[in-house]
Amino acid sequence: MPTNPQHFTTDVTDLPPAKPTAVVELSDGDRYELRIAPVAKRVGDTVVRMLAYNGSIPGPILRVRQGAQVSVEIENEGDLENTVHWHGLRLDNRYDGTHETQPPIQVGDRFTALIRCPDPGAYWFHPHIRSDYGIEMGLYGGIVVEPDDPGYWPAVHEELFLTLDDLLLEEGKVAPFNREETTHAAMGRFGNVIMVNGETDLALSTNRGEVLRLYLLNTANTRVFNVGLPGARMKLVGGDSGHVEHEEWVEEVVLAPSERVVVDVMFEAAGEFALQHRTPDRTYPLAAITVLEEPAEPSLADSYAELRTNLDMAGERTRIQPYLEAPPDKTLSFLAEMNFPDPEGGAPAFYACPMHPEVVSASPAHCPQCGMKLIAVAAVTTYVCPMHPEVVSDEPGHCPKCAMKLLPSVLVDSAASAGHEHPGNGDGHQMHDAPTGHEHGTHGEHASHGTSEGHGSSGGIEWEDDMVEVNRMTTPANFQWKLVDQDTQAVNGTIDWQFRVGDQVKIRLVNEMAGDHPMHHPFHIHGAGRFLVLSRDGDVEPNLVWKDTVLLRTGETVDILLDVTEPGTWMAHCHIAEHHETGMMFNFTVAE
């Protein structure tokens with residue numbers, strides 16, 4: 001791949017190799033140094049240039065006691081000016097780590113942040129300038145805030161922090177990033193290599209009967225993960241910011257970008273197990289787990305079998321009752337606006353859906369299958385059968401072999417190229433088979449996509465990039481994601497919400513189907529407070545947990561109750577990195 005001065009460098013020459021991730025115990029008042037710098041990272045059988053905190057991908061996992069405050073001195077030796085955002089932590093506003101709360105840290109400069117950790121749970125840190133680039137390149141690390149109450153969590157033998165990520169490789173390098181603008185603005189940048197804790201082939205071992213706590217964190221730019229562990233019992237115990245109201249047995253958990261889920265798992269028998277990411281179309285292996293015959297000591301089987309109700313969250317259930325039927329204080333809509341120019345040479349012959357190329361219209365319209373705005377396509381010269389490409393006609397018709405409707409050749413060619421656009425690193429390895437009914441994937445292979453998959457069967461989630469070529473060409477210049485205040489019609493950065501410490505704000509989040517490209521959005525509110533999900537599409541949330549990020553599926557309406565506790569200027573945005581970079585964000589003010 002030739003060097004392009006418009007792109008960030010991919011050269012690995014003389015870079016130090018990435019190191020293993022360190023787990024760092026910090027006490028109240030401790031000082032810690034965090035350095036941003038490039039590394040040479042092995043991904044499968046290739047070595048690529050990435051960015052790291054303290055030389056590792058993921059960066060260090062910090063373990064801090066509840067209520068502690070630590071000083072973190074950040075040194076920026078990366079590729080561009082930057083900040084570090086402490087995702088989910090309710091801290092002093094000036095250390096939140098956005099360009100609104102501090103001057104960017106220039107390359108070669110330092111900044112010291114005081115990090116306060118008031119709430120138990122799993123958190124993380126990442127850049128907040130060109131986050132589409134920085135997070136994809138490896139700038140993410142974890143934080144575990146350990147509770148003061150020894151009975152806050154159920155007993156376990158061991159705890160592991162697992163980052164779930166994907167990476168887009170092309171020709172043995174990270175696919176290029178433009179220095180001046182974000183690409184893949186429509187759907188976000190999907191990767192073709194899945195990594196857990198920075199590895200494509202993570203292998204874990206444990207003993208029979210061991211209870212293992214997994215702090216799961218989705219650090220991907222856009223991919224939603226659906227995590228399961230067939231053959232082992234999995235108990236949901238926590239979310240973004242602490243324990244759940246009711247512990248419950250689950251077969252799988254869904255994590256949108258930046259969400260955290262805490263599950264306890266127990267392996268009752270020795271053998272080989274697979275942590276998996278499961279979509280409607282296929283299953284991806286995440287980690288191989290070997291369970292040894294030796295029994296874990298002491299046995300925690302009895303306590304693991306108990307499903308506890310946490311009284312503090314049950315108290316929140318009582319507190320929120322008046323808000324369930326109350327009108328929202330704020331209503332925020334999520335919309336897309338596409339501005340693709342017509343093809344050169346005059347008016348387009350037709351309009352087509354990039355995700356469902358069989359949907360064609362003679363005039364501007366939206367796709368009846370997914371709601372996406374149809375894109376103007378150049379004049380058609382031939383028609384072809386997608387199933388039998390040797391069947392070509394100068395006129396519309398049906399295939400004589402299979403009776404399928406012939407499609408414009410430009411659409412079939414585009415769909416074919418999309419299926420090969422993400423070839424992986426060329427060295428993708430087949431992971432162990434997963435005992436499910438899904439099609440099995442590989443870590444180094446991009447999923448194949450059918451054209452009949454609609455939002456109904458996908459559960460309102462775009463599990464894969466189904467329009468690779470169009471997605472790649474979308475930038476803030478031709479595709480804008482919008483947050484719209486329904487009371488004022490203010491959009492994105494012009495939204496001006498004003499709150500006070502102590503306010504309880506009911507916010508209705510409406511993921512509109514009326515936009516040019518309906519899809520899911522993970523909505524994140526910075527450290528002004530934390531929130532509870534009240535309802536989804538009118539159904540009361542059955543299991544409360546404190547959150548800072550909530551997934552809105554396509555067409556879904558979610559009510560949340562924000563508990564405002566911290567003064568300052570705070571940000572709210574979609575946590576698909578490319579959507580944020582197109583402007584899908586705003587700041588709001590909290591007074592004392």
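Look at Leu34 and say whether it is part of a strand (DSSP E or B), under 23 Å from the mean Cα position of the chain (by Cα) and not small (Gly, Ala, Ser). Steps first, please.
Values: part of a strand (DSSP E or B): yes; under 23 Å from the mean Cα position of the chain (by Cα): no; not small (Gly, Ala, Ser): yes.
For Leu34, the condition - part of a strand (DSSP E or B), under 23 Å from the mean Cα position of the chain (by Cα) and not small (Gly, Ala, Ser) - is not met.
Could you please give the count of residues in the range 114-125 that are of a type outside the set (Ser, Thr, Tyr), buried (at least 23 other Cβ atoms within 10 Å of the Cβ) and in a strand (DSSP E or B)?
Within the range 114-125, residues that are of a type outside the set (Ser, Thr, Tyr), buried (at least 23 other Cβ atoms within 10 Å of the Cβ) and in a strand (DSSP E or B) number 5.
Go through the range 37-54 and give me each residue that's in a loop (DSSP other than H, G, I, E, B) and either surrounded by 18 or more Cβ atoms within 10 Å (Cβ to Cβ) or touching a helix residue (DSSP H, G or I) at 6+ places or on another chain (Cβ under 6 Å) (or both).
Let us first name the residues in the range 37-54 that are in a loop (DSSP other than H, G, I, E, B), namely 44-45, 54.
Matches in the range 37-54: Gly44, Asn54.
Pick from the range 477-491 the residues that are touching a residue at least 60 places away in the same chain (Cβ under 8 Å) and not in a loop (DSSP other than H, G, I, E, B): which of them is farthest from the chain's Cα centre (by Cα)?
So the residue we want is Asp485.
Which residue out of Val262, Val244, Val250 is of a type in the set (A, V, I, L, M), assigned by the TED database to the domain that holds Pro285, open to solvent by 10 Å² or more (accessible area, probe 1.4 Å) and touching a strand residue (DSSP E or B) at 6+ places or on another chain (Cβ under 8 Å)? First the steps, then the outcome.
Values: Val262 fails: open to solvent by 10 Å² or more (accessible area, probe 1.4 Å); Val244 fails: open to solvent by 10 Å² or more (accessible area, probe 1.4 Å).
Being of a type in the set (A, V, I, L, M), assigned by the TED database to the domain that holds Pro285, open to solvent by 10 Å² or more (accessible area, probe 1.4 Å) and touching a strand residue (DSSP E or B) at 6+ places or on another chain (Cβ under 8 Å) holds for just one of Val262, Val244, Val250, which is Val250.
Conditions tested, residue by residue: (1) hydrophobic (A, V, I, L, M, F, W, C); (2) without any contact (Cβ under 8 Å) to a residue 40 or more places away in the chain.
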{"residue": "Thr9", "(1), (2)": "no, no"}
{"residue": "Thr13", "(1), (2)": "no, yes"}
{"residue": "Ala18", "(1), (2)": "yes, no"}
{"residue": "Val23", "(1), (2)": "yes, no"}
{"residue": "Asp28", "(1), (2)": "no, no"}
{"residue": "Leu34", "(1), (2)": "yes, no"}
{"residue": "Arg42", "(1), (2)": "no, yes"}
{"residue": "Thr46", "(1), (2)": "no, no"}
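Does Phe499 fit the bill of being in a strand (DSSP E or B), open to solvent by 10 Å² or more (accessible area, probe 1.4 Å), modelled with pLDDT of 95 or more and of a type in the set (A, V, I, L, M, F, W, C)?
Here the answer is yes, as Phe499 does meet what is asked.
Name the pairs whose Cβ atoms lie under 6 Å apart, with the first residue in the range 102-123 and more than 16 Å from Glu77 (Cβ to Cβ), the second open to solvent by 10 Å² or more (accessible area, probe 1.4 Å) and of a type in the set (Lys, Arg), and 6 or more positions between them or separate chains?
So the pair list comes out as Pro118/Arg90.
Against the condition in the same structural domain as Gly59 (by the TED database), out of contact with any Gly (no Cβ under 7 Å at 6 or more places or on another chain), among the acidic types (Asp, Glu) and surrounded by fewer than 21 Cβ atoms within 10 Å (Cβ to Cβ), how does Glu199 come out, does it pass? So that I can check it myself, show each step before the final result.
Numbers: in the same structural domain as Gly59 (by the TED database): yes; out of contact with any Gly (no Cβ under 7 Å at 6 or more places or on another chain): yes; among the acidic types (Asp, Glu): yes; surrounded by fewer than 21 Cβ atoms within 10 Å (Cβ to Cβ): yes.
Criteria met by Glu199.
Of everything in the range 1-20 that's touching a Gly at 6+ places or on another chain (Cβ under 7 Å) and outside any strand (DSSP E or B), which residue is most open to solvent (accessible area, probe 1.4 Å)? Break it down stepwise before answering.
Let us first name the residues in the range 1-20 that are touching a Gly at 6+ places or on another chain (Cβ under 7 Å), namely 16, 18-19.
Filter once more, keeping what is outside any strand (DSSP E or B): 16, 18.
Working: Pro16: 71, Ala18: 33 Å².
Filtering first and then ranking leaves Pro16.
For the range 502-519, which residues satisfy the criterion of being modelled with pLDDT of 95 or more and open to solvent by less than 10 Å² (accessible area, probe 1.4 Å)?
Residues of the range 502-519 modelled with pLDDT of 95 or more: 502-511.
Matches in the range 502-519: Val505, Lys506, Ile507, Leu509, Asn511.
Which residues, taken from the range 126-153, are open to solvent by 10 Å² or more (accessible area, probe 1.4 Å) and in a strand (DSSP E or B)?
Glu146
Output yes when any residue across the range 153-171 is of a type in the set (Gly, Ala, Ser) and at negative phi, and no when none is. Explain how you work it out, then say what you get.
Residues of the range 153-171 of a type in the set (Gly, Ala, Ser): 155.
Subsequent filtering for residues that are at negative phi retains 155.
Checked against the condition, which is being of a type in the set (Gly, Ala, Ser) and at negative phi, the range 153-171 yields at least one hit.
The values are calculated or read from the model by the stated rules, or taken from the named source; none is laboratory data. Owing to the predicted nature of the structure, the values given are computational and were not obtained by experimental measurement. In this analysis, Cβ positions are derived from the backbone assuming ideal geometry, glycine residues included, and neighbour counts consider all displayed protein chains. Side chains included, ligands, DNA and RNA excluded: accessible areas come from the protein's heavy atoms. Shrake-Rupley method; radii C 1.70, N 1.55, O 1.52, S 1.80 Å.
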